[in-house]
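The values are calculated or read from the model by the stated rules, or taken from the named source; none is laboratory data. Predicted, not measured: the structure shown is a model, and the values here were computed from it. Because the Cβ atoms are built from the backbone with ideal geometry, glycine has one as well, and the counts that use them run over all protein chains shown. In case anyone asks, the SASA skips ligands and DNA or RNA and just uses the protein heavy atoms, side chains included. Shrake-Rupley method; radii C 1.70, N 1.55, O 1.52, S 1.80 Å.
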Amino acid sequence: MEILGLVAYYLALAVGLIWRLAQLTAVVLGAWALIDTLTRDASHFIAAGKRTKGFWVGVNAAGIVVVLLMGASSMVGLLGVVANAVYLADVRPALRYYAPVRVRSSIRFPGSGGAQGGRGPRDWTPGR
């Protein structure tokens, strides 16, 4: 019987730790969604055919507050987690389409190191 008591104790401890990790994950998910919403341009939301930036900031902020106050296990907390997950799974990929494209600022030619002497990147001699 002593073994069963130890197994039950450690199993309850493991379940409690997993539960706390799930709560922390829900808060981190909401924070990620809120920060991502705040860094996007408002015109991209309209261009993507999604709701406005203010709407998504409010939804993601409310989702974090609800999870912090009630926990992710309550019905309202679960709705907060789902709202944040909807932003990350549906809206964020649509907004990424309108993100600015990064372009390299200089052209690099293979073999244009110091071994070839004075041939710089603007030297258009044949053989390049």
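Looking at Val57, is it in a helix (DSSP H, G or I), without any contact (Cβ under 8 Å) to a residue 60 or more places away in the chain, among the β-branched types (Val, Ile, Thr) and surrounded by 12 or more Cβ atoms within 10 Å (Cβ to Cβ)? For Val57, the condition - in a helix (DSSP H, G or I), without any contact (Cβ under 8 Å) to a residue 60 or more places away in the chain, among the β-branched types (Val, Ile, Thr) and surrounded by 12 or more Cβ atoms within 10 Å (Cβ to Cβ) - is met. The set of residues in segment 10-42 being touching a Phe, Trp or Tyr at 6+ places or on another chain (Cβ under 8 Å) and polar (S, T, N, Q) consists of Thr37 alone. Looking across segment 63-74, the residues that are assigned to a helix (DSSP H, G or I) and open to solvent by 50 Å² or more (accessible area, probe 1.4 Å) come down to Val65, Leu68, Leu69, Met70.
Selection of segment 11-54 for residues being basic (Lys, Arg) and surrounded by fewer than 13 Cβ atoms within 10 Å (Cβ to Cβ) yields only Arg20. Among the residues of segment 11-60, those identified as farther than 18 Å from Leu79 by Cα, of a type outside the set (Phe, Trp, Tyr) and touching a Ser or Thr at 6+ places or on another chain (Cβ under 8 Å) are Ala42, Ile46, Lys53. Is it true that Ala8 is farther than 17 Å from Gly77 by Cβ, open to solvent by 50 Å² or more (accessible area, probe 1.4 Å) and among the small types (Gly, Ala, Ser)? Here the answer is yes, as Ala8 does meet what is asked. The number of residues in segment 80-97 being farther than 12 Å from Asn60 by Cβ and surrounded by 14 or more Cβ atoms within 10 Å (Cβ to Cβ) comes to 2. Taking every residue in segment 35-52 that is farther than 18 Å from Ala83 by Cα and pairing it with any residue that is of a type in the set (S, T, N, Q) and part of a helix (DSSP H, G or I), at least 6 positions away or on another chain, yields no pair with a Cβ-Cβ distance below 6 Å.
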